[in-house]
1. Picking from PRO268, PRO114, PRO43, which is most flexible by a Gaussian network model of the chain using Cα springs under 10 Å?
2. Please identify every one of the trypsin sites (Lys or Arg not before Pro) in region 33-103 that sits in a loop by DSSP and has no more than 11 other beta carbons within 10 Å of its own beta carbon.
3. In what sequence, highest mean first, do 141-148, 191-198, 166-173 appear when ranked by Cβ atoms within 10 angstrom?
4. Mind checking which aspartates and glutamates have their C-alpha under 20 Å from LYS154, skipping anything on the same chain fewer than 8 residues away?
5. Taking a ≥ b ≥ c as the square roots of the eigenvalues of the Cα gyration tensor of region 6-85, is the shape rounded (a/c under 1.5), prolate (a/b larger than b/c) or oblate?
6. Tell me whether region 216-290 comes out rounded, prolate or oblate; compute the Cα gyration tensor, take square roots of the eigenvalues as a ≥ b ≥ c, and use a/c under 1.5 as the rounded threshold.
7. Expressed as an acute angle from 0 to 90° and rounded to the nearest 10, what is the orientation of the C-alpha long axis of helix 6-28 relative to the principal long axis of the chain?
8. May I ask you to evaluate 6.51 cos²θ - 1.76 cosθ + 1.60, the Karplus curve with θ = phi - 60°, for each residue of region 259-269 and list the ³J(HN,Hα) values in order in whole Hz, giving x for glycine and proline?
Amino acid sequence: MQIIDGKALAAKIKQEIKEEVAVLKRNHQVVPHLAAVLVGNDPASQSYVKSKVRSCELVGFESTLIRKDDSITEQELLEIIEDLNENDDVDGFIVQLPLPKHIDEQKVTLTIKPEKDVDGFHPVNFGKMTQGIDAFLPATPMGILEMLKRYEIKTEGKHCVVLGRSNIVGTPMSILLSRKAYPGNATVTITHSRTKDLSAVLRSADIIIAAIGIPEFVTGDMVKEDCVVIDVGINRVEDSTRLKGYRLVGDVDFESVSSRCSYITPVPGGVGPMTVTALLMNTLKSAKSKMSA
Ligand code: GUN
């Protein structure tokens, strides 16, 4: 069994981005700029956004963090988005999800200008992705594709089972793995809460993408020998032995699954760092596309 070291791979790609940014700065006076909007005090969201901003600093991007209390109205948030859409200094921006209940996430996503939607959530980018047209790919699936590519994991003809059908991970992942490309050309099954005999479906998988949001859901008895397991889950479970009072676990029971599979991503240190790296890659792409426009 080999561990797919997302943390190390992300560090390597960030170094590559840093070198490219230095050239852009030197030769074209261009500094990619990512802005992030964070509403409220959700601890996980705060931690993700902090990591995104820190990564920007690391590669030499400019970053702007806009923090708002969760009492912000939908209209006020939409105005912030409009301002970012019009701000030529900003190459791309994200609005961290989830948002407070009184704000319509769909409306927010639709307001972001597709050219700056480095999360790849806008239907224009999603539609382009679906049709194989160049677009910003959603960061988590994009990070996973990059992992599969850099570890030279074969996907062609493989049976890939995606656990979860969210707009952010499960659905785009299933589209990307079935497209005519590498990584892709897989036979994909997308599964969800209504799937019958999920264990049997999972046992037929050569590649499992677990994005269901249930701690340690996938256990060793549900997977085939030598399968590849990508664990997207980041779940906080109570742990009084830890300083913070919790530990992070994935959607996969690492211990029982890792003894059977050929490759596995750990949590933390697997998909998470690659998601942030993919966001940087999209922001760099946006900054470069503005240069050639
Ligand atoms: N919440 C969980 N994942 C993501 C992500 O990739 N982008 C944004 N904006 N919010 C998220």
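Each reported figure results from applying straightforward, stated rules to the coordinates on display, with no laboratory input. These figures come from a predicted structure and were not determined experimentally. As a convention, Cβ positions derive from the backbone with ideal geometry for all residues, glycine included, and neighbour counts pool all protein chains shown.
1. Judging by the Gaussian network model, the answer is PRO43.
2. Hits after loop and neighbour filter: LYS101.
3. Working: 141-148: 24.4, 191-198: 12.1, 166-173: 21.4.
With the highest mean Cβ count within 10 Å placed first, the list reads 141-148, 166-173, 191-198.
4. Filter leaves ASP5, GLU146, ASP206, GLU225, ASP226, ASP231.
5. Working: a/c = 4.00, a/b = 1.60, b/c = 2.50.
Cα axes put region 6-85 in the oblate bin.
6. Values: a/c = 3.79, a/b = 1.47, b/c = 2.58.
Here region 216-290 falls in the oblate category.
7. 20 degrees
8. 7, 10, 8, 8, 9, 8, 9, x, 10, x, x
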